[in-house]
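Please treat every number below as a calculation from the coordinates, not as lab data. All of these numbers come straight from a predicted model, not from anything done at the bench. As a convention, Cβ positions derive from the backbone with ideal geometry for all residues, glycine included, and neighbour counts pool all protein chains shown.
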Amino acid sequence: MRNRTYTADAEPGDTVTVAGWVHEVRDLGGIAFLILRDTSGKIQVKFEKDEMDDDLVETGLGVHRESVISVTGEVAEEPRAPTGVEVTPESLDVIAEAEAQLPLDPSGKVDAELSTRLDNRTLDLRKDEVKAIFEIRAEVQRAVREQFRDLRATEINTPKIVATGTEGGTELFPITYFGKEAFMNQSPQLFKQLMVGSGLERVFEVGPIFRAEEHNTPRHLNEATSIDFESAFIDHTEAMDVCEAVVKAGYEAVEENCQDELEALGLEDEFEAPSGEFPRLSYEEAIQRINATGKLDEQLVWGDDLPTEGEKALGEDVGEHYFITDWPSEIKPFYIKDHDDDETLSTGFDMMHPNMELVSGGQREHRFDHLVAGFEQQGLDPDAFEYYTKMFKYGMPPHAGFGLGGERLIMTMLGLENIREAVLFPRDRQRLSP
Ligand code: ATP
Ligand code: AMO
């Protein structure tokens with residue numbers, strides 16, 4: 001529609017054609033109002049029954065809520081209208097009539113279950129507070145990309161159909177690939193590492209990862225978005241610096257550019273970009289502090305992975321984003337490098353929003369012999385990874401990086417209770433369509 005005006009741009013005195021959805025019709029007798037909604041906002045359309053063409057009034061007031069219409073008419077100032085202006089229609093077209101019964105109420109007056117909302121995402125995203133989540137998600141991704149570009153990283157795209165997994169065999173989705181066994185990729189880990197040895201040196205990717213997670217939880221998806229970074233010639237502490245900068249850039253962009261969206265979510269007063277350095281706790285300190293809270297039934301000992309309740313207790317204790325560093329080597333994957341002076345300690349790190357894990361990363365094992373030995377220690381067959389290991393024989397620089405969960409970042413930033421709210425069409429154990 002070449003001559004369309006967005007409702008937010010309609011100025012008094014203009015003759016406009018606005019197009020959008022019928023949000024509400026209020027018939028007060030002699031006068032009636034239709035509220036028209038488009039992506040920019042809402043506008044009041046006024047019907048004065050005695051002064052207007054009967055057909056126009058009948059069509060305008062008879063149309064079902066959520067139908068798509070266009071209205072042409074003059075804009076006038078009207079202090080009693082919700083936005084201070086209104087349109088008096090000269091003509092009105094019903095472009096796509098909606099059924100009278102809707103599976104959910106986009107005006108938000110009637111609450112709907114999350115599953116009903118997810119089954120009807122098109123209608124669900126007509127609500128300002130739901131649309132706001134995805135506007136914010138887009139802004140965070142834009143800011144994250146810009147931050148990586150400022151750090152001279154090159155955006156890459158790696159295959160999602162692969163021959164081997166990297167993050168634990170039980171979480172793989174197998175597929176058939178021309179009669180051969182293949183998998184949906186769990187992480188771009190090995191590909192991003194291969195690229196730091198290429199002429200690119202420093203890379204990032206924002207893309208899907210697939211995990212056949214064992215549990216259906218409010219913070220696990222079976223298809224998630226991983227924000228990955230990898231760079232030659234940096235160590236794990238520098239990777240942590242980048243990780244912190246990227247997360248802060250996301251928050252700052254939202255604070256700067258998404259005030260309307262924060263308001264739609266009721267977060268305008270409480271939203272705050274993190275300032276100051278994220279504390280860096282060693283794993284050893286972390287388990288001591290968790291034990292000291294007394295919130296776990298059993299005390300943690302060196303070598304234990306941190307249970308969900310432990311993470312929660314520590315998060316409450318620390319109260320801000322923080323890193324956990326120096327994990328025991330045995331609970332970190334084969335590609336993570338150990339400390340040179342203590343091979344029981346790894347350079348792996350996690351970054352926590354106080355409520356949950358957002359990031360894993362570390363310095364990588366770049367020495368061919370150590371890498372192959374690491375595979376064997378973790379019971380993996382180095383031959384299956386030959387496409388990866390062989391490049392470590394031809395000049396692989398020291399390197400480090402991390403993977404940041406895109407949906408967990410949005411979920412924790414906006415205080416969403418369920419990670420599915422941060423995904424348009426989430427994939428979980430029960431949900432394969434839409
Ligand atoms: P990673 O991405 O490294 O797997 P994660 O954040 O997914 O980390 P956590 O969420 O910390 O892992 O979970 C730790 C362990 O607890 C995992 O094995 C996970 O499957 C399990 N777990 C998480 N939530 C639940 C739950 N509600 N019930 C039972 N087990 C759970
Ligand atoms: P990890 O397995 O910890 O590390 O994944 C990195 C981050 O991705 C997010 N994430 C998920 N989010 C939602 N649902 C899931 N099922 C899910 N799985 C992971 C989390 C997690 O912290 N290769 C390493 C990264 C690296 O070392 O560079 C990796 O994949 O926020």
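The order of Cys243, Cys258, going from fewest to most other C-beta atoms within 10 Å of their C-beta, is Cys258, Cys243.
Cα convex hull, the stretch 150-215: 102 Å³ per residue, rounded to a whole number. Ranking Val85, Gly401, Met413 by Cα position along the charge dipole of the chain, where only Lys, Arg, Asp and Glu carry charges on their C-beta atoms, puts Gly401 farthest toward the positive end. Packing, as the average of other Cβ atoms within 10 Å across residues, places the peptides 96-106, 259-269 in the order 259-269, 96-106, highest first. A simple packing score, the average count of other Cβ atoms within 10 Å per residue, orders the peptides 190-197, 345-352, 76-83 as 345-352, 190-197, 76-83, with the highest score first. Within the listed set Trp327, Trp302, Trp21, the residue fluctuating most in the Gaussian network model of the chain (springs between alpha-carbon atoms under 10 angstrom) is Trp302.
Protection proxy ranking, highest mean first, for peptides 3-14, 219-230: 219-230, 3-14, where packing is the per-residue count of other beta-carbon atoms within 10 Å, averaged.
Only Lys, Arg, Asp and Glu carry charge here, each on its Cβ (+1 for the first two, -1 for the last two); on that basis the stretch 66-156 has a dipole of about 660 debye about its Cα centre. Think of each Lys and Arg Cβ as +1 and each Asp and Glu Cβ as -1; about the Cα centre, that makes the dipole of the stretch 14-96 roughly 480 debye. Evaluated at 25 °C with a viscosity of 0.890 mPa s, what Stokes-Einstein diffusion coefficient in µm²/s does the stretch 14-96 have when Rh comes from the Kirkwood expression over alpha-carbon pairs? It comes out at roughly 198 µm²/s. With the charge dipole of the chain set up from +1 on Lys and Arg Cβ and -1 on Asp and Glu Cβ about the Cα centre, the Cα lying farthest toward the positive end among the listed residues His23, Ala212, Ser198 is that of Ser198.
Taking the Cα centre of the chain as reference, the dipole from Cβ charges on Lys and Arg (+1) and Asp and Glu (-1) amounts to some 1380 debye. Each stretch of four or more DSSP H residues adds -39500 (n - 2.57); spread over every residue of the chain, this sum gives -8500 deg cm²/dmol at 222 nm. Each 20 Å bin from zero holds the following percent of Cα-Cα pairs in the chain: 22, 45, 24, 9, 0. Take the Kirkwood radius over Cα pairs of the stretch 365-406, plug it into Stokes-Einstein at 10 °C and 1.306 mPa s, and you get 139 µm²/s for translational diffusion. Computing FRET efficiency as 1/(1 + (r/R0)^6) for Asp369 and Thr59, where r is the C-beta to C-beta distance and R0 is 60 Å, gives about 0.15. Once the Cα atoms are used to define both axes, helix 128-150 deviates from the longest principal axis of the chain by about 40 degrees.
Using the Cα centre of the chain as origin and beta-carbon charges of +1 (Lys, Arg) and -1 (Asp, Glu), tell me which of Leu300, Ser282, Ala96 is placed farthest towards the positive end of the dipole. Of Leu300, Ser282, Ala96, it is Ala96.
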